[in-house]
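FYI, it's all coordinate maths here, none of it is from the lab. Owing to the predicted nature of the structure, the values given are computational and were not obtained by experimental measurement. No Cβ is skipped: glycine too gets one built from the backbone with ideal geometry, and neighbour counts run over all protein chains shown.
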Amino acid sequence: MKNKLSKKARKRVSDVELNKVLDRTLIAVTPEAYAEFVTQLDAPSEPSERLSRLMNAPLPWKSD
């Protein structure tokens, strides 16, 4: 029984490690392109009606 559990535990750890690798995406870009990407991520979003509606929508998990 101990050996069987050990195999299951090893399989689970292996699956988790594989998922960690599969969740990563490598994109090769120039330093300039990366800097521009980071700048855009750090910039505040521009106001829009759609964003405003989303942020002001009722929370489905809260009931009045």
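Rg/Rh for the chain to two decimals, with Rh computed the Kirkwood way over all alpha-carbon pairs. On the Cα set of the chain, Rg over Rh gives 1.29.
Taking the C-alpha atoms only, the angle from helix 2-22 to the longest principal axis of the chain is near 30 degrees. Compute the helix-to-body angle for 31-42: its Cα long axis versus the longest principal axis of the chain, expressed 0 to 90° and rounded to tens. Taking the Cα atoms of the chain, the angle to 31-42 is about 70 degrees. Extending 7 Å from Cα along the Cβ direction at Thr30 and again at Ser45 yields two label points whose distance is 3.1 nm. Considering only Ala9, Asn56, Asn19, the residue lying farthest towards the positive end of the dipole of the range 5-56 is Ala9, judged by Cα position with unit charges set on Cβ. Over the chain, DSSP H runs of length four or greater, each weighted -39,500 (n - 2.57), average out per residue to a 222 nm ellipticity of -20500 deg cm²/dmol.
Under a model in which nothing but the beta-carbon of Lys, Arg (+1) and Asp, Glu (-1) is charged, the chain shows a dipole of about 1160 debye around its Cα centre.
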